[in-house]
Amino acid sequence: MSVVANLTKPCLEPIEFKQIQKYFSDSAKTYETGAQLQHKVGESLLNNLLLNTFENNNRLTCVDLGCGPGLFTQRLNKQFNKFIGLDLACDMLRANTTTNLKVQANSHSLPFLPASIDVFYSSLMVQWCDLNQVLTEVHQCLKPNGKAFVATLVDGTLFELEHAWSRVDSDKHIHNYLTAEQLSYVVDTLPWSNVSLNKQTEQFWFSDAKMLAKELKCLGANFVQNRKNKGLITRSVWQQMEQAYQAEFYNDQKQAIPATYKIMYLELTK
Ligand SMILES: C[S@@+](CC[C@H](N)C(=O)[O-])C[C@H]1O[C@@H](n2cnc3c(N)ncnc32)[C@H](O)[C@@H]1O
């Protein structure tokens, strides 16, 4: 029994909210320039949501958790009578100019009444959170039969970058993503009436690791929790990593290196 629990239950590190808030606030102005994954995933998540027929749309309240600068705000706003964008980072909310209803809050402690929300939409936020805590809050705030549409990243994301760094040092360079099994375990701890999980892979191509790193920085997604070496990476160390990346993953046809993302789409009904 304890072996099964060890295999599936995530081992949590303390979450550095202040740092997450800072990285995302700092990236608010550049976010859209690097957001190719975010557009793709957000679009799929929105399609999942639109496949559902919600009765009395004109009376429903939808919350976008971790809305960022609001890539999908306008379209969600159109779908629902009341739409609220929520984010930890003030500058992200400032950049989100397509809705007036914005809340600066931590998804670990939602500022909504129990059973008051019809739909939650959350794209690429919960990988920065304690999933169990956020889903517990979401479950509590949803009305009976309310739904949550969540997209998040799981283990295997950016494995090429992680592998290239492992050739150079033993520090942490990639965010700690839950495995698909851990995620499923957490979801199952709550009394959802229906659960649907769907795993997808997306791959993007870059001329070199520097371009990938630049994109992650534009998005604020370059923050790595509990990294030992918080200082600058020297040029020679970076070059070693770049060489390892190119040597093992360069694709002749594409004349580029890949960056892979493992995405889990969740559709949860209370
Ligand atoms: C990768 S961005 C995704 C933004 C948007 N959903 C999109 O797809 O473009 C992650 C967002 O989640 C927010 N975030 C991270 N942790 C959060 C938390 N605990 N509570 C609320 N927002 C959080 C960040 O500030 C950032 O705006």
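Can you tell which of GLN203, ALA247, PHE223 lies farthest toward the positive end of the dipole of the range 171-250, using +1 and -1 charges on the Cβ of basic and acidic side chains (Lys, Arg; Asp, Glu)?
It is PHE223.
Taking every Cα atom in the chain, find the radius of gyration and the maximum pairwise distance Dmax, and write them in Å.
Cα only, the chain: 19.0, 60 Å (Rg, Dmax).
Averaging the inverse of every distinct alpha carbon separation and then flipping it gives the Kirkwood radius. What is it for the range 77-140, in angstrom units?
Roughly 12.7 Å, rounded to one decimal.
Which values of log₁₀ I(q)/I(0), to two decimal places, follow from the Debye formula for the range 117-270 at q = 0.11, 0.16, 0.17, 0.18 Å⁻¹ with a uniform point scatterer at every Cα?
-0.52, -0.91, -0.98, -1.05
How would you rank 23-33, 42-52, highest first, on the average number of other Cβ atoms within 10 Å across their residues?
Averaged packing, sorted descending, gives the order 23-33, 42-52.
Return the percentage of antiparallel bridges among DSSP beta bridges fully within the chain, rounded to the nearest 5 %.
Bridges in the chain are about 55 percent antiparallel.
Given Cβ point charges of +1 (Lys, Arg) and -1 (Asp, Glu) and nothing else, what value in debye, to the nearest 20, does the dipole of the range 39-157 about its Cα centre take?
Dipole of the range 39-157, to the nearest 20 debye: 400 debye.
Can you compute the helix-only [θ] at 222 nm over the chain? Use -39500 (n - 2.57) per DSSP H run of at least 4 residues, normalise by all residues, nearest 500 deg cm²/dmol.
-10500 deg cm²/dmol
Every number here is computed from the coordinates shown, using simple stated rules; none is lab data. What you see is a predicted model, and the numbers here were worked out from it, not measured in a lab. Using ideal geometry, Cβ is built from the backbone for each residue, glycine included, and neighbour counts are taken over all protein chains shown.
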